[in-house]
Amino acid sequence: LGKFSATLAELNTKEDTKSDDGSKGKEVDGIEDDGNAERAKAVNDPTSEDEYNSKSLHKLVADGGLGADINPVNLEGTLVEDEERETGRVKMEVWGIFFSACSGYSYWFAVLLLNSLAKVVTIVQDYWICIWVTANNIASPHVVLPDSTNTVSPAANTNIIGQHTVSFWIGIYLAIGVIEVFALFIKLAYAYSGLIKAARNVHAKLIRSVVHATPRFFDSSPFGRIINRFSRDMESIGTNTLDSLIWMFADFTSALGVIVIITAVMPPFIFVTVVITVAYVVIAKCYLDSTRELKRLESNASAPLLSLFGELIQGVSSIRAFGLKKYYIMEAINRSDELNRPFYLTMVSSCWMSIRLDAAGATVSFFCAFFILWNVCSFDASLAGFALVHALQFKDYMLFAIRNYGDNELNMNGVERVSQYLKLDQEASAQSTPENKPVSNWPRTGDLEVEDLVVEYVPNVPVLHSLSMSIKHGEKIGVVGCTGAGKSTLSLAFLRFIEAAKGRIMLDGVDISKIGLEDLRHNVTIIPQDPVLFNGTIRFNLDPFSEYPDEIVWDALHRAHLVREYGSQTASTAISVLEGNAIDSSLEHMSGIFTSLEAKIKENGQNLSLGQRQLVALARALVRRSRLIIMDEATASVDFDTDDRIQRTIRGSEFANSTLFCIAHRLRTIIDYDRVLVLDKGKVAEFDTPANLLNRQDGIFRSMCEKSGEFEYLADAAKRAQDPKQFS
Ligand SMILES: Nc1ncnc2c1ncn2[C@@H]1O[C@H](COP(=O)(O)OP(=O)(O)OP(=O)(O)O)[C@@H](O)[C@H]1O
Ligand SMILES: [Mg+2]
């Protein structure tokens, strides 16, 4: 395969040095024109993009942006991991996964048996013609060609062949044909039913594994890669694998049948068979060794293209704004080329194999005819015809058998890639063990103890360093700190989206790391920095499990200031039981689609503003009324007035029975909270009442307030909160 192998090796090297999201190759024109010279140089130079990222990282560390104790060597390239690509033959383990997914080995035994039976019936049908011709020859040995001057035997003029009439011979022939059709139908129906079941099983396992994967997996796997597993790989399992397996069995059985027939008719042919088989094995090996790798390259090359589509769709306005259209067009072309190159080479290698297999097949027919002619006097003509007809088919059977075997290995690549995802690190169990199950009404209080908590995304690179704090039930804690201080990380640790590397968190006396995730997450509510809304009704978004009546849902919308008044008759009766918040006419603009609980929210809340999305997430928290509520910049995108009203709602009766963690960059949001936690580079820098923190002359919080430009207001609000009586 000389040059071909060299091309393959080159492709391999490229693949190994290329990150999943960054393909390199062609020069990218026009980026300099857009004023992004450094970036353009990085893209054009196969090595400089890594250098570019690395330089930025080192610069960030040098500037102190990552904290002095963080080593850039630990961070480089650690987030998005390169996609795994197996090499060499498909492992037995992968075949095992697929075989056991189709109802186990008994199924395969039955498929092989049915396949052999169907083939035997086909051969019997051909053999019947052979018997028929022989009987005819015995009954009318002197039959000669019509243009001969000899007289025709009387038997040729009758309807009797051997002992039987022509209808008998045709009848049996048809009967065998009907049995053959039934045998084929049963074989295919049984085989397909098992394989469809296998595809379903594998898909169900894949979904389970991905849904329960740790958040780290989602951080380190680009979206395109995951989509690729569920689309392209599952398609190859669900459609191509089924076909190639079934037809591979059929073709191999047919080829074996031919060898058995020819060898039975002319035993010396067995020697030719051995030589031809060796030739086939060598050709097949060359073909499979190259196409297997090519197929893997092709599968891996589609993920970067899919990721790019995602980026393009989401970032189209930024791309246009930064004048990077040309760059993305070239990038798309490069990635398409990366995908098409192995596909083209697969086609070429298929032609290479066809030519050689045709030659080998012709050799089989040649030797078969040669043996017949060699023994022409002693050979029964009907048997010779029987053997020759099958010998001519041999090359087709082998060609398709090998091609299907190859396709099979290639399709197993889909199973292989999916099987990598079946072994993902999984989150802890959703259910608590009986001995660790918290009491039914846990948590009764929102008492919270954080002891020596260390949290890390990447092993040995802690983001939170030995955090300790004690929070009493019902306390409202404001959390502030610079970007990257670890505020969101702390909130994720409360829900065990990131497991503590050291230390523990106790909620109402229960170590949260000991209980099932479902028990924990059902009882703690988070309103994240970037709230996720689902494609569905408002009701579904607020109460996905339909646990609460409409009144509660309307009430939550009302309290989140999304509706001015209740939108349904039922709800209007509920208004009387609610402690009335003053209805403000300025909220009218907020109503929008919030006129019915059945109104549709589009995927990711595209039909809502970011502020409205945050308010829906807040309403979701209000519906659940958990003992521990975490708000991560939950009102950062709503206007001051609405934020102010929401804060009043929160501090009022609404969350009176809940411990509240509110992460905020707007200091006025948390200035009247019970205490403020200041995080600095993953450590507790200050933790006290806002008024006390403001009294610390060199304190971080005070300095933040001073820089905010509203120190007077904040100081006043903090004092009011500390001693409300004095100001009443
Ligand atoms: N998924 C992740 N994988 C790896 N590191 C992460 C991940 N998320 C955050 N980090 C790192 O953890 C540190 C703390 O991030 P975090 O999101 O907790 O900051 P934050 O205080 O919430 O910042 P902001 O105010 O901008 O929201 C940062 O250095 C960040 O780079
Ligand atoms: Mg954050």
Failed condition for S429, given (1) open to solvent by 60 Å² or more (accessible area, probe 1.4 Å); (2) over 26 Å from L507 (Cα atoms); (3) at pLDDT 85 or above: (2)
Filtered residues of region 474-498 (kept if over 23 Å from L667 (Cα atoms) and away from ligand 1 (no atom under 13 Å from the Cβ)): L495, R496
Scan of region 614-635 for residues that are part of a helix (DSSP H, G or I) and within 16 Å of ligand 2 (Cβ to nearest atom), ordered by number: Q614, A617
Test: residue in region 651-658 that is under 30 Å from P544 (Cβ atoms), assigned to a loop (DSSP other than H, G, I, E, B) and within 16 Å of ligand 2 (Cβ to nearest atom): no
Some residue of region 504-511 being more than 16 Å from ligand 1 (Cβ to nearest atom) and without any contact (Cβ under 8 Å) to a residue 24 or more places away in the chain: yes
All helices (runs of 4 or more DSSP H) inside region 192-304 with 2 or more residues being within 14 Å of the chain's Cα centre (by Cα): 215-220, 223-228
All positions within region 338-378 that are among the aromatic types (F, W, Y) and within 21 Å of K295 (Cβ to Cβ): F343, Y344, W352
Matching helices (runs of 4 or more DSSP H) fully within region 663-718 where at least 1 residues are open to solvent by 50 Å² or more (accessible area, probe 1.4 Å) and basic (K, R): 667-670, 700-708
Single unsatisfied condition, A284 versus (1) of a type outside the set (F, W, Y); (2) over 18 Å from T346 (Cβ atoms); (3) surrounded by fewer than 20 Cβ atoms within 10 Å (Cβ to Cβ): (2)
Meets criteria (small (G, A, S), modelled with pLDDT of 65 or more and more than 20 Å from V260 (Cβ to Cβ)) for G162: no
I372 crowded, with 16+ Cβ neighbours inside 10 Å, β-branched (V, I, T), within 15 Å of F269 (Cβ to Cβ) and modelled with pLDDT under 90: yes
Filtered residues of region 456-465 (kept if within 16 Å of ligand 2 (Cβ to nearest atom) and either of a type in the set (S, T, Y) or open to solvent by 10 Å² or more (accessible area, probe 1.4 Å) (or both)): Y457, V463
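The values are calculated or read from the model by the stated rules, or taken from the named source; none is laboratory data. Since the model is a prediction, treat every value here as computed from it, not as a measurement. Positions of Cβ are generated from backbone atoms using ideal geometry, with glycine treated the same way; all protein chains shown enter the neighbour counts. Keep in mind that these areas ignore ligands, DNA and RNA; they rest on the heavy atoms of the full protein, side chains included. Shrake-Rupley method; radii C 1.70, N 1.55, O 1.52, S 1.80 Å.
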